[in-house]
Every structure is written in C-alpha cells, then in structure tokens.
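Visitor: Quick one: this structure, given as structure tokens, is what I'll be asking you about.
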Amino acid sequence: MSKSLLILCSLVFASLLFQTKLNAADQPNILFIFIDDMGWKDTGFMGSDFYETPNLDKLASQGMIFTDAYSCAANCAPARACLLSGQYTPRHEMYNVGTTARGKAQHRKLKHIPGTDTLDPKIKTWAHQLQKAGYQTATMGKWHLSNDPIPYGFHLNIGGTHSGGPPNGYYPPHRNVPGLQDAPKDEYVTERLSDEAIKFIRANKDRPWALYLTHFAVHTPLNAKKDLVPKYNAKTPGDLHAHVAMATMIQSVDDGVGRIQKTLDELDLTDNTVVIFYSDNGGYGPATDMAPLKGYKGAYYEGGIREPFFVKWPGVVHPGSISHEPIIGVDLYPTLCDIAGASLPKNQAGDGLSLLPLLKSEKKTFGHRPLFWHFPAYLQSYGDIHNKEQRDPLFRSRPCGIVRVGDWKLHQYFEDGDLELYNLKADIGEANNLAESNPAKTQELLGILETWRKDINAPVPTEKNPQYDAKVEAAAIAASLAKGDGSKKKGKRKKSS
C-alpha cells in the first residue's frame, strides 16, 4: 500500500471514528424506569414519610420533577398501551385489564365496551422508532400487552409476557418466563431485573441503547423482600405510610437503581444517559396512600392517575428544576423520539406533545391543553376501603370520561349523566363538586370532552344491562355503608413476617 493511500485510509478511519463519537453524543442512552402501581407520594422526593428511596431522590434532584404528571388510565394494561403507542385509549381500544365485565352483573346498569386485551401489532411503538434510529432496545419486567414484546420494537426481552403480575410472585420458580427460568431459589425478581439491566448496559456500552426497565414491583402480591423486613418492622410508622411489605418492595427498586447508576458511573456513561422515572397508575389502595389526593389505582380521581415523574438529562435539564405543567403518558412517545433523534411513524395518529421544550426550559407551559381519559367499563371495589376514595362502595370506577384543562377537571359518568367539576388548584383532593355552582365552566369542559370523543370516535356505552337489578344494587350499597366509613386510617401498621 502506498504512503498516500495509507494516509487517506487513516483519515477516513479517523473521520468515521469521529462521526461515531458524534452520533453517540447526539443519541444519548435512555434508561426508562417504569414502576407498577407506585402512587404519587410513594417516593421520598414526593413526600413519603416511611418508604425510602435515596437513589431515586438523588436522581430526581439532578433533573426536573413534574408535579402534575398523569397516566392515561387508572390501571395497568390501558396505561401501558397508551404509553407504547402514544395514543389515547379509543384509538388502540384497550380500556381495561382484560375484556370481560368487572364487578357483579346485578350492579352494572350498562353493558361495558369490552375493547381488546392485546396491543395491535400493526401499531409502531416508540421502541420501533428507536430501533430504526440505531438504538439497541430492551424491555425487562412487566409487559402485559401481548404474549411477546419482541415484535413491538425490542431486541431483548427479560420477563415480559401477557401476565399482569410477577411470575408466581417475587420469588422463584418463574416457569415459562423469558430469561427468568434459571432463577436461584432465594432470588428476588426485582433484584434480578436490576442485574439484567446492568448486563445489558455493559454489553452495549459502545453504542446507543434504550432500556425499558418496567419493574413488576410494586404490584400485588405484596411479597416482602425478606432481608429488609426486620428493618421496616422496627421503623416508626409514618403518618402517611406504614406498610412494611410495600416499603421493602420500594427499597428493592431503589437499591437496584443505585447499582445501575454505579455501573453508569463506572462505564463513564452517566453524562450521556437520560433517566426517566414514571409509574403506570395510582397506588394499591389497601397498602398505600396518595393523600392529599383522593383515590387510588382504578379510580379516576387524582390518586388513581397522577404519578411520580422526573427526567434527568445532564447538560440539558437544569438540576433541581420543577414543572407544574400537566403532562400525560402519550407525551412520552414524541419525547423519546426527540431525545433519540428518531422520526415519528408516518400515517399513524399520535396524541401527545414532546416534553423537550419543557425539559430545555424553552417553555414553561403548553397553555390550556386539554388532557383526556376514556373508560367505558367497570372496575370493582377493593372491598372495605371506599367511601372517601371512590365514588361509590361497589366500584372504583364506573363508565366515565374525564378532561382536565388548566386547573379545572370534569368527570362525566355515563350511567346517569352525573357531572363533577373540580378546581384542582384550590381543591386538589376533589372534595367540592362545583358542577352546579359553576354551570358555565361545567358546560365549557363538557363541550371540550364531547367534541374530543366525537373526533376520536370514542365508544360510549348506552345499552342497558339486562342483568342489572336496582334493588340488589341498593341493598349492596346499604350493606357496605353499614359496615362503617371504610376509609384508610393514616399510619395503620402492617407488619410482615
């Protein structure tokens, strides 16, 4: 080889190497930590007085915390379908966990809209778009949208199936669960998923990667991490939180986050990694509390849909920043694509806005953008905790539509046409229904909601359920109310063995 040709080859190689480094800088790694059933107040940075999350608290302090971040649904499957598709529920038609009617037939006035239990594989997810942009993609933990997440844009799947809960609980055996069949006897699945996350990061340290770490925690069953039980049994209960098993499950997530962050530091990837933290719906009512929010998982009051959320992006997001702008799950699709330099799919509807202008402090608000929820189904009550957290004793939610615009939020219930209007700035606990005292605002929001439903072709249940029995329903409500308030008592102790 001539000297001039050798020099030319060296220059080309140097150029390619420089371009590779440039592309890596332009395409930050993405660590998306998505927790199951973690409530708005279940972390230290959001105000828990019992659960411990020092690693998450540190990351949150280094990024932007969103106080008004919402899920698109009050329970798991539809929330996840919205997140992956970037579409509200009427577009992908996943409304509930499963398609069968929930609760007793004699208590349901209307026939529900069953929808589907599988995300249409024709939908291009944000994972597809990141793959096209050159990212190695992985999902680890709960999937819940089909039998296999791989066709939805992931190169690697650890633990993801159609199941909504952890495989046989948090301890082995995990039969027929991808990547978890070899789990040692005493291995805690949350800890294992963090180990797998570290393996994936190490294996892809020299190229852009996106990890969807979608923990089973803290979904039921409430299997405490055994070695942490003595610590929380001995800890003084908080006024807000006191559940020992839940505390161990939350700490296990946080401990794993700490180990992952240590790995990023070791590999010199911290400054080129975006960390997003989010939950799929409100906390599990019998074990945690979202106060001052009303509601919990399954209810469309704030406690069922408002989530802990932060984004850490070194060099882009100002550390210690806080946004009070209302955002929602469908916003993550365009945001992730913008972060990755990926394109949005052609000819596929999307309902969200990219959060980049907020993250870069180019904007503080999107204006009075409406946020929507559509739930044409039923979700039965937990049982003995209801009166102050849900609308009636029998159901966490009956068929309804919800809209938030600015500080105002309207509930519309399809069984009886009832309306509830709240000013969240003045009444975050949704205690004072202003629908009758402020008819102008009620009609304004109702018009926005009904127009949206028409535009998006959202099905509203209208067909009467022939099995409904008003007398049986009234008797059931009376019997439940006769048992007493049934509300959660703050600080109630729940020890684990």
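Visitor: Could you list all residues from the range 218-247 that are of a type in the set (A, V, I, L, M) and not in a loop (DSSP other than H, G, I, E, B)?
Guide: Leu228, Val229, Val244, Ala245, Met246, Ala247 - these are the residues of the range 218-247 that are of a type in the set (A, V, I, L, M) and not in a loop (DSSP other than H, G, I, E, B).
Visitor: Quick one: Pro173 ticks every box in (1) over 17 Å from Lys142 (Cα atoms); (2) modelled with pLDDT under 95 except a single one, so which number is it?
Guide: (1)
Visitor: Here's something else I'd like to know. Quick one: in the range 129-159, which of the residues that are touching a residue at least 60 places away in the same chain (Cβ under 8 Å) and in contact with an Asp or Glu (Cβ under 6 Å, 6 or more places away or on another chain) is farthest from Asn75 (Cα to Cα)? I'd like the intermediate steps shown before the answer.
Guide: Taking the range 129-159 as the starting set, the residues that turn out to be touching a residue at least 60 places away in the same chain (Cβ under 8 Å) are 129-130, 132-145, 152.
Within this subset, residues satisfying the condition of being in contact with an Asp or Glu (Cβ under 6 Å, 6 or more places away or on another chain) are 140, 142.
On the way: Met140: 20, Lys142: 14 Å.
Here the answer is Met140.
Visitor: Return the residues of the range 320-344 that are in a loop (DSSP other than H, G, I, E, B) and under 23 Å from the mean Cα position of the chain (by Cα); say none if nothing qualifies. Please lay out each step first, then the result.
Guide: Applying the first criterion (in a loop (DSSP other than H, G, I, E, B)) to the range 320-344 yields 320, 324-326, 341-344.
Answer for the range 320-344, where residues must be in a loop (DSSP other than H, G, I, E, B) and under 23 Å from the mean Cα position of the chain (by Cα): Gly320, His324, Glu325, Pro326, Ala342, Leu344.
Visitor: Given the criterion within 24 Å of Leu269 (Cα to Cα), touching a residue at least 40 places away in the same chain (Cβ under 8 Å) and not β-branched (Val, Ile, Thr), identify the matching residue among Pro334, Pro376.
Guide: Only one candidate qualifies: Pro334.
Visitor: Return yes when Leu358 is under 16 Å from the mean Cα position of the chain (by Cα) and hydrophobic (A, V, I, L, M, F, W, C) and no when it is not. Spell out how you get there, then give the answer.
Guide: Values: under 16 Å from the mean Cα position of the chain (by Cα): no; hydrophobic (A, V, I, L, M, F, W, C): yes.
Considered against the rule, which asks whether it is under 16 Å from the mean Cα position of the chain (by Cα) and hydrophobic (A, V, I, L, M, F, W, C), Leu358 comes out as no.
Visitor: Mind counting the residues in the range 194-241 that are hydroxyl-bearing (Ser, Thr, Tyr) and under 25 Å from Met290 (Cα atoms)? Can you show your working first?
Guide: So the first thing to find is which residues in the range 194-241 are hydroxyl-bearing (Ser, Thr, Tyr), and the list is 194, 212, 214, 220, 232, 236.
Add one more test, that the residue is under 25 Å from Met290 (Cα atoms), and what stays is 214, 220, 232, 236.
Going through the range 194-241 one residue at a time, the tally reaches 4.
Visitor: Can you work out which of the residues in the range 430-459 that are in contact (Cβ under 8 Å) with a residue 60 or more places away in the chain and in contact with a Gly (Cβ under 9 Å, 6 or more places away or on another chain) is farthest from Phe395 (Cα to Cα)?
Guide: Quick first cut of the range 430-459, residues in contact (Cβ under 8 Å) with a residue 60 or more places away in the chain only: 430-431, 448-449, 452-453, 456-459.
Of the ones still in play, those that are also in contact with a Gly (Cβ under 9 Å, 6 or more places away or on another chain) are 430, 449, 452-453, 458-459.
Working: Glu430: 18, Leu449: 23, Trp452: 26, Arg453: 23, Ala458: 22, Pro459: 20 Å.
Top of the filtered list is Trp452.
Visitor: While we're on this one: Could we say that Gly164 is surrounded by fewer than 21 Cβ atoms within 10 Å (Cβ to Cβ), assigned to a loop (DSSP other than H, G, I, E, B) and within 17 Å of the chain's Cα centre (by Cα) here? Outline the logic, then answer.
Guide: Numbers: surrounded by fewer than 21 Cβ atoms within 10 Å (Cβ to Cβ): yes; assigned to a loop (DSSP other than H, G, I, E, B): yes; within 17 Å of the chain's Cα centre (by Cα): yes.
In short, yes.
Visitor: A further question follows. Could you tell me whether Tyr284 is among the hydroxyl-bearing types (Ser, Thr, Tyr), touching a Phe, Trp or Tyr at 6+ places or on another chain (Cβ under 8 Å) and surrounded by fewer than 24 Cβ atoms within 10 Å (Cβ to Cβ)? First the steps, then the outcome.
Guide: Values: among the hydroxyl-bearing types (Ser, Thr, Tyr): yes; touching a Phe, Trp or Tyr at 6+ places or on another chain (Cβ under 8 Å): yes; surrounded by fewer than 24 Cβ atoms within 10 Å (Cβ to Cβ): yes.
Against the criterion (among the hydroxyl-bearing types (Ser, Thr, Tyr), touching a Phe, Trp or Tyr at 6+ places or on another chain (Cβ under 8 Å) and surrounded by fewer than 24 Cβ atoms within 10 Å (Cβ to Cβ)), Tyr284 qualifies.
Visitor: Exactly one of these conditions fails for Arg202: (1) outside any helix (DSSP H, G or I); (2) over 24 Å from the mean Cα position of the chain (by Cα); (3) farther than 25 Å from Lys297 by Cβ. Give me its number.
Guide: The failed condition is (1).
Visitor: Applying the selection to the range 415-452, what residues are acidic (Asp, Glu) and either surrounded by 14 or more Cβ atoms within 10 Å (Cβ to Cβ) or in contact with an Asp or Glu (Cβ under 6 Å, 6 or more places away or on another chain) (or both)? Give the derivation first.
Guide: The first filter runs over the range 415-452 and keeps only residues acidic (Asp, Glu), leaving 415-416, 418, 420, 427, 430, 436, 444, 450.
Result: Glu415, Asp418, Glu420, Asp427, Glu430, Glu444, Glu450.
Visitor: Inspect all residues belonging to the range 389-403 and state whether any of them is without any contact (Cβ under 8 Å) to a residue 24 or more places away in the chain and surrounded by fewer than 21 Cβ atoms within 10 Å (Cβ to Cβ).
Guide: No, that holds for no residue.
Visitor: Pro151: in a helix (DSSP H, G or I), of a type outside the set (Gly, Ala, Ser) and surrounded by fewer than 18 Cβ atoms within 10 Å (Cβ to Cβ), yes or no?
Guide: Working: in a helix (DSSP H, G or I): yes; of a type outside the set (Gly, Ala, Ser): yes; surrounded by fewer than 18 Cβ atoms within 10 Å (Cβ to Cβ): yes.
Answer is yes for this residue.
Visitor: Let me ask something else about it. Of the residues Leu355, Leu344, which is surrounded by 24 or more Cβ atoms within 10 Å (Cβ to Cβ) and modelled with pLDDT of 95 or more? I'd like the intermediate steps shown before the answer.
Guide: On the way: Leu344 fails: surrounded by 24 or more Cβ atoms within 10 Å (Cβ to Cβ).
Matching residue, one of Leu355, Leu344: Leu355.
Visitor: Can you tell me which residues in the range 89-111 are touching a Gly at 6+ places or on another chain (Cβ under 9 Å) and surrounded by 24 or more Cβ atoms within 10 Å (Cβ to Cβ)?
Guide: Result: Thr89, Met94, Tyr95, Asn96.
Visitor: Pick out the one residue from Gly315, Gly298, Gly285 that is outside any helix (DSSP H, G or I) and modelled with pLDDT under 95. Can you show your working first?
Guide: Numbers: Gly315 fails: modelled with pLDDT under 95; Gly298 fails: modelled with pLDDT under 95.
Unique residue meeting the criteria: Gly285.
The values are calculated or read from the model by the stated rules, or taken from the named source; none is laboratory data. Bear in mind the structure is a predicted one, so any value in this text is a computation, not a measurement. Because the Cβ atoms are built from the backbone with ideal geometry, glycine has one as well, and the counts that use them run over all protein chains shown.
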